[in-house]
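Engineer: I have a structure I would like to understand better, so I am pasting it below and will then ask my questions one at a time.
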């Protein structure tokens, strides 16, 4: 928008009264500042400062020049003399009302924004060393819940904006928009800012796809005249964060095992029998599998960029290399990203942008079973021979191997490989044409191509099912996508009335092809599909999706006091039946900038900004994948080498869009130029939820896609930033955010369930999404030591029972938190800054699925157990008040029940960093504009009662995962990084 | 650039945009076929029929993912034989297969839920074909089409019968006219919710379907597919369960007299199962090709056999079965029990239980995890007939049939001339049936339908809570409640899956 304004500003005005004045703009350090917008107040006439920060403009005496630049307060200058050369010094801004907020299809100044949006700029974003933008956002934006579910290098995080508004499986992540175009790729180091659009007033422009919120990413462009270089290096160490999960050592497990021999009559441990099978020397055999499976690992990141601009041409070019070793054996991730952003102004009418982003990555991943065995192998077994070589173990290996399964995971890891390679390219072409001074045309286009290949290999040397055979599985995926948005934008400034707007059409399509091959019978030492000699299999298919949209928006403001934005979008997708494939998404947002009213300015001095906002709109969610409405037979199978068609999906030709009606009320305040406060209230109702409605299994189908019921997300969000102390050399900032969301289902005809690994969640009216329904655990019968569950009789009376099958499944908790948020603080003294941030979550429950194994009652006597919590007690004799049943009387005690459902609340110190900006004289001595060194610790500490790996548990519904259910995961990392950043 | 040119280019871009928006909106998947288009080709109904066979062996997505453990036939064999006295449990496990040993079933257990689900998925496939052939009018009724139609009737009968065995009282147990049987789904557009038919009604449906199948199938597609003889064999077995002796004999006769099948002789019986497809013993099997090798995590063999790496090898031939066979070590059926020895010549144990691996599901193409499980074979027809004769009191004919089997199993020297003392004629027939059909998913039902208790007075982890030192190899276990399960114990039945009851409140749960 800035650029458009700038060119629109070039209006021919050469009336005799005018004469040219010149001047120079400086920043706070007295460096010249190129690229500053200079506009004559009340007109669209303007210019920008050149490479040397100089400007010249035709003015008449008495005109007021307005100087605007991102990150600086607006300056005004009244022209008193037409011959004088003016010097203007820009002052950095804390609460900059004219800061441009990137909103996707259009940009707005903060003043104009009438909806709930949050902006996070690069400096705030890059306080964590990661390749994932989600991790960077954690705890920084109110209403945004970020879960780093895995510490696997290269893995992303899960982002949920304002709760969960859809319950179908599949993509639940917000929509990403990179540089104004839906989709795209980027390296976090190239990001200028991230805007999170939270209410329909803002997301309405993305209509059908905006249900889950929108994250707008803007990459850097050249901003100043001189070519500027930035070099950044980060080198660090990380260790696995096992949370409260600690496995038993030899002695502890020996003591645990002895409980198996507690005599049911005498209630004493029958030591004669016990020692007979478990020799006493076991207690001192202490191999620490977890500590040997997870080792400290190194992470490094190097980033070099150059940028510059002049009147015609601006560019930003960067290269980034990221190398992240994993803490688990044989895992890691490497990525190279290259970006080239250019902007060229042919003349005052026409400009274009060409952006390229290219990335290549490769990662080494872990096999679930290898990690499973690393946690569960007994400390009495040692994976290494006496000579230091790695032991081969299988079912026929002589000698005792205590662990349940006859396998040495370290040997398997040594002799297998799971990796992937990816490559991707995005090319953006944007053409802007200023047709008249009020009308412009813009065409934004992107071509995307990405390919990735995964490789899973097990050597014939490895023990296990592929012994003597070997195994290879490779999968290749290709994505081609294209999008074009073409729109007309208008801009009328009629004194106090200002109207802007746009209308256009967007076409989006993509196809995905994949194929896989699998084979066995590999000669030792070879790991490509060509050498496989037996059980060769292939598979693959391709999918196609189209998406067409009409987009429009009108913005009106009166005297910078009253603002109104209305948008209307129509979307059509191939994912729904032809009769139901189009939907309309209107939205409207209004705001009142009270602080621009005269009465306010005259009477209120402590408050420098007050804005009231309201918005209402409709958004949708088409992410259900193709062809969900059709009755289908799957052909990806065979019988006796003949094609076979298997009943796959029940038809529903009435299937249509999920639509969310979003209502938002907000208030923005700023006091003493020091404290800023944003408060939002929202009520989002998603109708026609797309639900996989459970069918009686006797239909031959588990479920059918239907529109059923609705979900209401209500919430409050608070964002507070304050400069607590500010002197010339010392500054103390604090930030805090809080979001409470409640989630209620309604309009569901019959309650339905989702079950993974026997753990069930119920979907019923008046309950939250992801409500656990499980037999309720009542502890241990003090007389018998047997487990107790609750049985609810037909008349509603309750009684304890020791028979699992009599236990009544009840609602016992929910996976969604009551509130989430974060806090941060920074202390700066001269060049030194100490920064710390925290994230918190409260009120969610986690089903600790792995403790069914690690905290069993003798059901799995040969897998290692978790070190118990201090208040756990196993029943020994009648009268004991215990938490754990007698091993002699524990029938079905580890079956799914609320026994393993735990409070998942946590507070986490996300990071602490200490950075030092070298004094100017030192940095200029080495020809640097600016040098910053910093030391940073990420994921420092977590407070939680949850007894397992760290409490960041998945929120996605996947093949093996259920929201709020923890399984063995790649642990997150504690990370300690040293960074140095040179600007020159 | 002049304004006019700019405007022209803008218009041009819009035209481009609009023309390219004439997108094709009905995007069909590339690896799936819509139900509507199935009837448009003859291949459509053949492919769906093949799909029903494929469901016997496929690991089908269930509860959101594909679990290697879950395949119809794996559950078919495990849920029956692990509950019988033929197989002993060598290790406690969290795999629900363990509940078959301990009789601690729950409506939530995934193996049983999967079995129920896939059974009905098969039925749904058959109903689609039956509906298209009989009602769409688009398919000409050639002999080939009738064969396909007949196969679908057969497959529906087979699925219904298998469901009845696991989830309903056998017809000789309880009151078949009032006891709940299964939910009968016989058309392509069934109401979502439906109650269970009675046991009698359910068996009537099985018989009607199997008879229809027998009449339609006249151009066999090979032993990998259902045939007229397979339908007769099914009818013989169903009538045996109903104790309709005359019909049991009649349909066994039909198969035997067809001349297509001969009992595998003793010389080649030890290699019969890995090569069942090529044998005249086989009436119908489910073909597994190399690409169907389910490996350690999903094969039928992996639980009961391991070459050290190929499987879990946790369940073994029971002491009870071995005792019955101990009299005749020359019996070639011992070849399917593979003893694992230590270097000192004693039998290796796992958790205190001696390892006698079972190899009836191994060694097709030499692979320890690959086999094409036999669903019907000629020897069973002799044994069905023998049992019917025995129940009719015809000792000569019953023993003749039993001897027909023994002649081909290396026991030519030990043929029966009369019923040995201390045994009844039925004992003799059932003992032979037990040895011949061991591990083939029959034993548990043979016991229950003949009102015989399941007696497992041997060491194994069906006894809850025992530890290795509890096992005394020299003395049988005593005093544990799990050692005898009465034939009429309700825990013999599996529960109707919780998912069914929740979504179909007309369906009643088992006790």
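Every number here is computed from the coordinates shown, using simple stated rules; none is lab data. This one's a predicted model, so the numbers in the text were calculated from it and none came from an experiment. All Cβ positions, even for glycine, are placed from backbone atoms using ideal geometry, and neighbour counts span all protein chains on display.
Engineer: Relative contact order, percent, of the range A:100-220 when contacts are C-alpha pairs under 8 Å separated by at least 6 residues?
Structural biologist: The value is 30 percent.
Engineer: Order these by the 10 Å Cβ neighbour count, fewest first: A:239, A:894, A:223, B:187.
Structural biologist: B:187, A:239, A:223, A:894
Engineer: If r is the Cβ-Cβ distance from residue A:389 to residue A:346 and R0 is 51 Å, what FRET efficiency results, to the nearest 0.05?
Structural biologist: 0.15
Engineer: Once the Cα atoms of the range B:40-124 are picked out, what are the Rg and Dmax in Å?
Structural biologist: Cα-based Rg and Dmax for the range B:40-124 come out at 15.1, 53 Å.
Engineer: What is the distance, in nm, between label points placed 7 Å from the Cα along the Cα-to-Cβ direction at residue A:818 and at residue A:64?
Structural biologist: For the pair residue A:818/residue A:64, the computed spacing is 5.0 nm.
Engineer: Hey, could you get me the Stokes-Einstein D for the range A:755-849, Kirkwood radius over alpha-carbon pairs, 37 °C and 0.692 mPa s, rounded to whole µm² s⁻¹?
Structural biologist: Approximately 195 µm²/s, per Stokes-Einstein.
Engineer: Could you work out how far the C-alpha centroid of the range A:41-88 sits from that of the range A:193-252, in angstrom?
Structural biologist: 37
Engineer: Once every Cα of chain B carries one equal point scatterer and solvent is ignored, give the base-10 log of I(q)/I(0) from the Debye formula at q = 0.11, 0.13 Å⁻¹, two decimals.
Structural biologist: Debye intensities relative to I(0), on a log10 scale: -0.95, -1.36.
Engineer: Next question. If R0 is 25 Å, what FRET efficiency do you get for residue B:146 and residue B:277 from their C-beta distance, rounded to 0.05?
Structural biologist: 0.55
Engineer: Using only DSSP helix segments of four residues or longer, with each worth -39500 (n - 2.57), what per-residue ellipticity at 222 nm results for chain B after dividing by its residue count and rounding to 500?
Structural biologist: Rounded to the nearest 500, it is -13000 deg cm²/dmol.
Engineer: Using a 10 Å cut-off around each Cβ, can you sort A:944, B:349, B:41 from fewest to most neighbouring Cβ atoms?
Structural biologist: B:41, B:349, A:944
Engineer: Checking the a/c ratio against 1.5 first, then a/b against b/c, what shape does the Cα gyration tensor give for the range A:125-187?
Structural biologist: rounded
Engineer: Next question, about the same structure. How large are Rg and Dmax for the range A:100-220 when only the alpha carbon atoms are used, in Å?
Structural biologist: 13.6, 42
Engineer: I'd like the distance separating the alpha-carbon centroids of the range A:884-940 and the range B:165-194, in whole Å.
Structural biologist: A separation of 57 Å, based on Cα centres.
Engineer: Now a separate question. Within 10 Å of each Cβ in peptide A:893-900, how many partner chain Cβ atoms are there on average? Round it to a whole number, please.
Structural biologist: 1
Engineer: With the contact rule set at Cα under 8 Å and sequence spacing of 6 or more, what percent relative contact order holds for chain A?
Structural biologist: Computed over chain A, the figure is 11 percent.
Engineer: Another question, if that's okay. Go ahead and collect, in residue order, the members of the range A:898-922 whose backbone nitrogen is under 12 Å from a label point 7 Å along the Cα-Cβ direction of residue A:943.
Structural biologist: A:906-909
Engineer: Shifting gears a bit: Kindly rank B:194-202, A:788-796, A:689-697 from highest to lowest mean number of other beta carbons found within 10 Å of each residue.
Structural biologist: A:689-697, B:194-202, A:788-796
Engineer: Hey, another quick one. If the chain between residue B:407 and residue B:66 were fully stretched, how many nm would it gain, using 0.36 nm times the residue separation less the Cα-Cα distance?
Structural biologist: Taking 0.36 nm per residue and subtracting the Cα distance, the gain is 118.3 nm.
Engineer: Next question, about the same structure. With Rg and the Kirkwood Rh both taken from Cα atoms, where does Rg over Rh land for the range B:61-197?
Structural biologist: 1.03
Engineer: Run lengths n ≥ 4 of DSSP H only: what is the helix-derived mean residue ellipticity at 222 nm for chain A, with -39500 (n - 2.57) per run over all residues, to the nearest 500?
Structural biologist: -1500 deg cm²/dmol
Engineer: Could you work out the relative contact order of the range B:35-95? I mean the mean sequence separation of Cα pairs under 8 Å and 6+ apart, divided by the number of residues, in percent.
Structural biologist: Normalised by residue count, the contact order of the range B:35-95 is 18 percent.
Engineer: Can you compute the modelled spin-label distance between residue A:427 and residue A:284, with each label point 7 Å from Cα toward Cβ, in nm?
Structural biologist: The answer from the label model is 7.1 nm.
Engineer: Fully extended, how many nm does the chain gain between residue A:123 and residue A:766 (0.36 nm per residue separation, minus their Cα-Cα distance)?
Structural biologist: Contour length minus Cα-Cα distance gives 227.2 nm.
Engineer: Okay, moving on. Between residue A:598 and residue A:368, what is the spin-label point distance in nm, taking each point 7 Å from the Cα along the Cα→C-beta axis?
Structural biologist: Each label point is offset 7 Å from its Cα along the Cβ direction, giving 7.0 nm.
Engineer: In whole angstrom, note down how far apart the Cα centers of the range A:785-813 and the range B:41-78 are.
Structural biologist: If we compute the Cα centre of each part, the gap is 36 Å.
Engineer: Further question: Once the Cβ-Cβ distance between residue B:215 and residue B:400 is put in as r, and R0 is 25 Å, what FRET efficiency do you end up with, to the nearest 0.05?
Structural biologist: 0.25
Engineer: Turning to a different aspect of this structure: Rg/Rh for the protein assembly as shown to two decimals, with Rh computed the Kirkwood way over all alpha-carbon pairs.
Structural biologist: With Rg and the Kirkwood Rh in hand, the quotient comes to 1.02.
Engineer: Take each of the peptides B:381-390, B:354-363, A:905-914, A:275-284, average the number of other beta-carbon atoms within 10 Å over its residues, and list them starting from the highest.
Structural biologist: B:381-390, B:354-363, A:905-914, A:275-284
Engineer: Could you give the C-alpha radius of gyration of the range B:206-287 expressed as a fraction of 2.2 N^0.38 Å, taking N as the number of residues it contains?
Structural biologist: Dividing the Cα Rg of the range B:206-287 by 2.2 N^0.38 Å gives 1.13.
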